[in-house]
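Below is one structure, written out as structure tokens, with a few remarks after it.
The values are calculated or read from the model by the stated rules, or taken from the named source; none is laboratory data. All values derive from a computational prediction rather than experimental measurement. Positions of Cβ are generated from backbone atoms using ideal geometry, with glycine treated the same way; all protein chains shown enter the neighbour counts.
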Amino acid sequence: MNHALELKNVTKRYKDFTLQGLNLTLPKGCIMGLVGENGAGKTTTIKLILDLISLDEGEISVMGLDSRRDGSAIKELCGIVPDEIGFPQGMNALQVGKVMKYTYKNWDEQAYKDHLVRFGLPEKKSFKEYSKGMKMKLGIAVALSHNAKLLILDEATSGLDPVVRDEVVALFGEFTREEDRAVLISSHIVSDLEKICDYIAFVHDGKLLLCEEKDVLLAKYGCWQGSRAQMDALPAGAVCHFKETPYGVEAILSRAALSEDVAIAPLNMEELFLFKIKEAKK
């Protein structure tokens, strides 16, 4: 089994929202970015993976285990970092470690202490005195200290300053150097994920708009700027999406429809995401 995570036709219905027929495959050794606006279904997807809410239809496997049948084993294999780290306010990092020792069967106390040192987290300072970045680092330290194989982060980089975000992002790359590990990270901020992800999945209004290897997307599309007249002269089918600005036209072009003499820049994932949403709304 080379897949860290596989979702087949995953559906969850609520009164005013439906996550509909989601199909995702995350290979081991890779990082997938799950991108969508707030309310698109990202957190619902993560809760289904962890069997925190029940499936209406479909199948989910984590490291080859069934999410409904093997829920306890899957929780041991997953390192979870939510957008709000929920440790008791008066507890310090050492006390958190003692609690986690009885929470996870494979808790590694030395690894946890090593992460505290690496992140510069004071062991005896209470959680309520931590900054947002320090709280996030503590959550990641816990997630990385019980031999997890799949790291799941739900809007975990949201609101972090650029320095802390770069530190956190570097960790994900280190984590997946071991080929039996993988990372799923959700965000509504595409730029947070563009640099680090091997796969990109766009979710909108409970539907999967796109799930593709990032390098494949870069090979399919490119960004272009010019005048309206220049754009109108491009081959038929080349323009996937465009917008006019006071300075001309910005467009997403299909590389397959272009001749080699047309100069295009690397794809901007945020522009592609917005284009896919506009397509879906039509």
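Observations on the structure shown:
- So LEU209, is it in contact with a helix residue (DSSP H, G or I) (Cβ under 9 Å, 6 or more places away or on another chain), modelled with pLDDT of 90 or more, of a type in the set (A, V, I, L, M, F, W, C) and not in a strand (DSSP E or B): no
- Within region 84-102, being in contact (Cβ under 8 Å) with a residue 12 or more places away in the chain, closer than 27 Å to THR43 by Cα and of a type outside the set (A, V, I, L, M) holds for PHE87, PRO88, GLN89, GLY97.
- Here SER131, SER126 are screened, and the one residue that is surrounded by fewer than 20 Cβ atoms within 10 Å (Cβ to Cβ) and under 24 Å from SER191 (Cβ atoms) is SER131.
Every residue, every condition in (1) surrounded by fewer than 10 Cβ atoms within 10 Å (Cβ to Cβ); (2) of a type outside the set (Asp, Glu); (3) closer than 24 Å to SER191 by Cα, yes or no:
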{"position": "CYS240", "(1), (2), (3)": "no, yes, yes"}
{"position": "ALA256", "(1), (2), (3)": "no, yes, no"}
{"position": "ASP261", "(1), (2), (3)": "yes, no, no"}
{"position": "ALA265", "(1), (2), (3)": "no, yes, yes"}
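- Any hit, region 146-160, residues being of a type in the set (A, V, I, L, M, F, W, C), out of contact with any strand residue (DSSP E or B) (no Cβ under 6 Å at 6 or more places or on another chain) and either under 16 Å from VAL81 (Cβ atoms) or touching a residue at least 12 places away in the same chain (Cβ under 8 Å) (or both): yes
- One residue from ALA229, ALA236, ALA156 being surrounded by fewer than 16 Cβ atoms within 10 Å (Cβ to Cβ) and outside any helix (DSSP H, G or I): ALA236
- For HIS188, the conditions (1) on the phi > 0 side of the Ramachandran plot; (2) touching a residue at least 40 places away in the same chain (Cβ under 8 Å) are fulfilled apart from (1).
- Residue check for SER61: crowded, with 17+ Cβ neighbours inside 10 Å, of a type in the set (S, T, N, Q) and out of contact with any Phe, Trp or Tyr (no Cβ under 7 Å at 6 or more places or on another chain): yes
- Scan of region 208-226 for residues that are under 23 Å from the mean Cα position of the chain (by Cα) and buried (at least 18 other Cβ atoms within 10 Å of the Cβ), ordered by number: LEU208, LEU209, CYS211, LYS214, TYR221, GLY222
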